[in-house]
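Where a number appears in this text, it was derived from the coordinates with a stated rule and is not lab data. In this text the structure is predicted, and so the values were computed from the model without any measurement. Methodologically, a virtual Cβ is constructed for each residue, glycine included, from the backbone with ideal geometry; neighbour enumeration extends over all protein chains shown.
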Amino acid sequence: MNLVGLAFRNLRLRPVRTSLTVLGIAVAVGSALALMALSRSIQDGTREGLSEIGGDLVVMAKNAPNVFSGFIPEEAIERIGAIGGVVRVSGELVTFAPSGAANNVLVFGWPDGSYLWKRVPLREGRVPAPGESHVAVLGDTAASALGKKLNDQLNLFGETFRVIGIAGYTATVNRGLALVPLGDLQQASYRPHQITIAQVNVEDARDRDEFARIRNEIQALGNVVVAPAGEVLEHDRNFSILEAVSLAVAVIATAMSALNVITALAMATQERTREIGIFSALGWSNGRIVESIVVEGMVLSAIGCAVGVLLSFAAAVAVPHVPVIGNLVSLRPNASLIASVVGAAFVLSVLGALLPAWRAVRTLPAEALRR
């Protein structure tokens, strides 16, 4: 019997302990994968959403804790638009709005005549006409979650909006939003003459020098930060905290998986002291005994990691069906993330297996046989 076969035999002899150990490793690895994938998906989804809506540069309030919490005076739009090389600019007010008893909707307010309205990928209906008020365009996921269709009434901040369009965006965050006229959202949210961010299109985004000049001139207006859509989240402290927390939990989870392996193997080697003594008496070297125990830890870890990956994919399937959260984010474990988390858990588990292996070979064969 080879060492792998021996490892499987030993694990089958203790089915309850083996199952609990595998489950512990799987939960640790699965939760680490799910949390890190969720963190990355939120960031990627926000970047994709901003890029899909359409702007070469995004202007945000300086020192705001996150992308959507700062406020810029609405008159700043005219000053940005007057900069040479800026083709068009549009302000946006972004907020979460209560809608009904248990729903909160991500709402974007856009001004009349904004070029952003022309880029809405309508699936049904239309966008607001100039001067039209208290109307809304819903992303298809938001419409489904809220049970709304064309000409239905939508409650936002206690005010009634009529649904006149359903949009078919690609980005998950955009599919869950509501688009309304800027003036209506400013009034309903008590934020008159304020915007959250500004989307800026430049004449030639491929000219790096010109692009940098425009970016610097906008920032020179004062109290704003300017970044391409892909770099926006570098200025968001909340996302930095989320990433740090996710990494910390992942480290703890992988360490827990190693601890599960150490505990299981320590108990197994304690119970198999006589068997190990027989192997030693038959001529097995200390290295081969250590190798047999480490291989058993590798088998345990491999099974647990495989089950953990399956659990993370099950979570990815379940997240879109979670109310509110599923409308805004998706969970997407990818190959690089799986490789890093599973690799770390596997290596730690193998290293952890060396401890009970070392204890096993310290016992003299005669003493082991007496036990």
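Here are the numbers:
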| item | result |
| --- | --- |
| Segments 117-123, 342-348 sorted - mean Cβ within 10 Å per residue, highest first | 342-348, 117-123 |
| HN-Hα J in Hz across the stretch 297-306 - Karplus 6.51, -1.76, 1.60, θ = phi - 60°, x for Gly and Pro | x, 5, 5, 4, 5, 4, 5, x, 5, 4 |
| Fully extended contour minus Cα-Cα distance, from Ile252 to Asp207, at 0.36 nm per residue | 11.7 nm |
| Over the stretch 50-95: Kirkwood hydrodynamic radius from C-alpha pairwise inverse distances, Å | 11.7 Å |
| Under Karplus coefficients 6.51, -1.76 and 1.60, residue-wise ³J(HN,Hα) of the stretch 84-94 in Hz, glycine/proline x | x, x, 7, 7, 7, 8, 9, x, 9, 10, 10 |
| Percent of Cα-Cα distances greater than 23 Å, calculated over the stretch 1-141 | 59 percent |
| The stretch 57-227, relative contact order in percent, only Cα pairs under 8 angstrom and at least six apart counted | 35 percent |
| Under-5 Å amide H pairs with Arg123, H placed in peptide plane, nonlocal only | Ile166, Ala167, Gly168 |
| Theoretical gain in end-to-end length, Asn151 to Ala339 [0.36 nm per residue, Cα-Cα removed] | 62.9 nm |
| Stretchable slack from Thr160 to Ser51, in nm (0.36 nm times residue separation minus alpha-carbon distance) | 36.3 nm |
| Distance histogram in 5 Å bins (all Cα pairs of the stretch 57-227, percent per bin) | 1, 9, 18, 20, 19, 15, 10, 6, 3, 0, 0 |
| Distant-in-sequence amide H partners of Leu177 (H built 1.01 Å from N, under 5 Å) | Gly139, Ala142 |
| Exposure proxy ranking, count of Cβ atoms within 10 Å, fewest first, for Arg208, Arg175, Arg215 | Arg208, Arg215, Arg175 |
| For the stretch 161-233, convex hull of alpha carbons as volume per residue, Å³ | 153 Å³ |
| Computed Kirkwood radius, in angstrom, where 1/r is averaged over Cα pairs of the stretch 66-145 | 14.9 Å |
| Per-selection Rg to Rh, the stretch 15-76 - Cα, Kirkwood hydrodynamic radius | 1.34 |
| Protection-proxy order for peptides 19-32, 76-89, each taking the mean of Cβ atoms within 10 Å per residue, highest first | 19-32, 76-89 |
